[in-house]
Each structure stands twice: as structure tokens, then as C-alpha cells.
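The values are calculated or read from the model by the stated rules, or taken from the named source; none is laboratory data. Here the structure is a predicted model, which means the values were calculated and not measured. Backbone-built Cβ (ideal geometry, glycine too); neighbour counts: all protein chains shown. Keep in mind that these areas ignore ligands, DNA and RNA; they rest on the heavy atoms of the full protein, side chains included. Shrake-Rupley method; radii C 1.70, N 1.55, O 1.52, S 1.80 Å.
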Amino acid sequence: MPDTRILRFDQGTLLLENFPASEVPSAFVHDPRVNLWRAPAIHYHQVALDLHKRGIKWRDDARNYGPLERPHRCDRTPREYQAESLQAWRNNGRRGVVVLPTGAGKSLVAELCIADANRSALIVAPTLDLVGQWYDQLVRSFGGPVGIVGGGIHEVEDISVTTYDSAFLHVERYGNRFGLVVYDEVHHLPGPSYAQAAILSLAPFRLG
């Protein structure tokens, strides 16, 4: 058996190459079509932790994102509850849902989380109007370029905004492109189609 164990991304899933069955994490099932072990991409975070804890050496060919390395140019001072929301999200492994009333500044919390994660980020919003609002806000706060996928535009950058519809259509292609995904109005996500925008993405950091 070759020495190099490889994890790679394939159309919204993860594939293991050169792994003996005894080392395969529980999320994977054998795919006889390619004779490899396959799992939905959403398991990437847990799989990486599991392999690390077991001391298994492997090569990560799955993720295709890196540090964001853009300063957060914000002239607003976070309110106490916004700073607490960021800290709670960070304490939970940079994964979770923030629930605040309308007008309480959830978008600023999202900005703080994007800056804190320092990874390529995708924001998923339910409407094109909200995509436009997010685009303007992110350009002000992080500078350009900011990508848009949806409404006849298909431009992918290290910070990008898309609709739930477009995320569903393109996640098999870009599911390894972002280390953080932000789901605006996250109550839309559990639908059978839109849920694929989460299941087929390997982003280890997530915010609703």
C-alpha cells in the first residue's frame, strides 16, 4: 500500500485514498464505483480532528482555501452583547447560531466572526437584495474584491456573497473554496434543497 494517505474533495464529498479499513473514520462508507471511502463534505472538520487525535499522518488535498489576511476596517465599536456573541461563537469552535432581535446588529457580529476566523468566507443570503446589501457592507469593511454568485453574476473571490439558490447549485464546485460560511436568515437552511449548501461544504467554521 502507498505510504501517503490522502483526503480529497469530490463534488461535495470527501474521498479517502490509501487508507486501510481500520483507519477509516465512521462517517465514511465504501463507494464501489471508485473503490474508495466517501463521506459528505460537512464531516471534514470532525474527520481532520479524528485523524489528528489518532496520530495518523495524511495529506490534505481537500481544502482549497487559505487565510483571508484582510484588515477589518470597521469604525463601529461592538456593543457588549455583540462582543459576547463573538466570544461564545469562538468558544464553540467557531461554529454556531447567533440569535438577536431585528436591528440588533447581527451583520456586525458576522463581520467580527469573519475577521476572527481569518479564512476565505462565503455569505449565503435568501434574496438578491440582501446579497447586494452584504456586498456593499463587505466592501466597506474588508475592501475589494468581493465576489457575487447569483443574479447572472458569477465572480468568486476570497470573500463572496451568494443566494441560497445559487449556493445549492454550485456547492459541489465550490464546497472546498471557503473556510467559513455565514448563513444569513439561517431559518431558510433546513429545507431539503438548501440544506445541501451546508452538507456539501467542508468549511470547518460556520455561523448562522
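With every protein chain present, what is the per residue accessible area of the chain (1.4 Å probe, Å²)? Let's see the in-between values first.
Numbers: 10620 Å² over 208 residues.
I get 51 Å² per residue for this part.
Helices meeting the span-like rule in the chain (full DSSP H runs, Cα extent of at least 15 Å along the helix axis, mean Kyte-Doolittle score of 1.0 or higher): 106-117.
Annotation: the antiparallel percentage among DSSP beta bridges lying fully within the chain is about 45.
Beta bridges assigned by DSSP with both partners in region 1-88 are antiparallel in approximately 80 percent of cases. Annotation: amide H of Val161 within the under-5 Å range of Ile123, Gly147, Ile148, Val149, sequence separation 5 or more or interchain, hydrogens built in the peptide plane.
Express in % the proportion of alpha carbon pairs of region 1-118 at distances exceeding 26 Å. Each step should come with its number before you reach the end.
Details: 2778 of 6903 pairs.
For region 1-118, the share of Cα pairs beyond 26 Å comes to 40 percent.
Note on the chain: GNM, Cα springs under 10 Å; of Pro40, Pro101, Pro20, the largest mean-square fluctuation is that of Pro101.
Normalised radius of gyration (Cα atoms, divided by 2.2 N^0.38 Å) for the chain: 1.06. Measuring nothing but how far apart in sequence close Cα pairs (under 8 Å, 6+ apart) lie, relative to its length, region 1-132 scores a relative contact order of 21 percent. Over all pairs of different C-alpha atoms in region 85-180, the reciprocal of the mean inverse distance, the Kirkwood hydrodynamic radius, equals 13.8 Å. Inter-label distance, Arg8 to Asp50: 2.1 nm, where each label sits 7 Å from its Cα along the C-beta direction.
Leaving ligands, DNA and RNA out of it, report the carbon-plus-sulfur percent of the accessible area of region 1-122 at a 1.4 Å probe. On region 1-122, the fraction of accessible area on carbon and sulfur atoms equals 49 percent. Shown here for region 54-121: trypsin sites (Lys or Arg not before Pro) in loop regions (DSSP other than H, G, I, E, B) with at most 15 other Cβ atoms within 10 Å, namely Arg54, Lys57, Arg73, Arg76, Arg79.
Which percent of the accessible heavy-atom area of region 156-208 goes to carbon and sulfur, probe 1.4 angstrom? Don't skip to the end; give the middle numbers.
Details: 1100 of 1980 Å².
Roughly 55 percent, rounded to a whole number.
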